[in-house]
Amino acid sequence: MVYLYAGLGVAMLAGIMAIFEMGLALSGRSLLPSPPDAYLSDEGVKMMDQKLLTLLADRSAVPAGLSGTSLCTALSTAYESNDVPIGGVNPLMEDPDMPVNSGRWAGSCLLNDGAHHVVVLPDLGNATTPYQLYSCVLPSGDERCSFEQE
């Protein structure tokens, strides 16, 4: 009889914890730790993306209206020659084999630095920001970023 009550007590506690977890999940929180974000833990990648954003905002470094290989060439040249305070050699290489090269992503500049994937999408309809930057660091075991799976 003791085992029955002990089992019922454990089942009741498990049920209470499950209901509590469901309530937290509805509000976007959780008791369980979330996996670490590889992008947030890599300072070099964040600095590289800051430099790319700075260059894309500078019309003299990367002119508006470019797409595909010409955009990648202009961006790589500007990255290596521009004296942006972040400095360094350009580790990103053009990667035409990345899966986002058709449909909405047509005309994009696809850059790859191993686990760091960058897509620069021309936005011809927007005069203030002619390019959109998508960047991610692949978690171990993944082959594609979340935006590459669309």
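Amide H contacts of residue 108 (H built 1.01 Å from N, in plane; Pro and chain starts excluded): 68 sit under 5 Å, all sequence-distant by 5 or more or on other chains. Excluding residue 129 itself, what net charge comes from residues whose Cβ is under 13 Å from its Cβ, given Lys and Arg +1 and Asp and Glu -1? Computed value for this residue: -1. When peptides 105-117, 31-43, 48-60 are ranked by their average number of other Cβ atoms within 10 Å per residue, the highest-first order is 105-117, 48-60, 31-43.
Ranking 21, 80 by solvent-accessible area of protein heavy atoms (1.4 Å probe, all protein chains present), from largest to smallest, gives 80, 21.
With all protein chains in place and ligands, DNA and RNA left out, the 1.4 Å accessible area ranks 20, 147 as 20, 147, largest first.
The values are calculated or read from the model by the stated rules, or taken from the named source; none is laboratory data. Every value quoted in this text rests on a predicted model; they were computed, and no experiment measured them. So basically every Cβ, Gly included, is an ideal-geometry build from the backbone, and we count neighbours across all protein chains shown. Remember, those area values only see protein heavy atoms, side chains included, never the ligands or the DNA or RNA. Shrake-Rupley method; radii C 1.70, N 1.55, O 1.52, S 1.80 Å.
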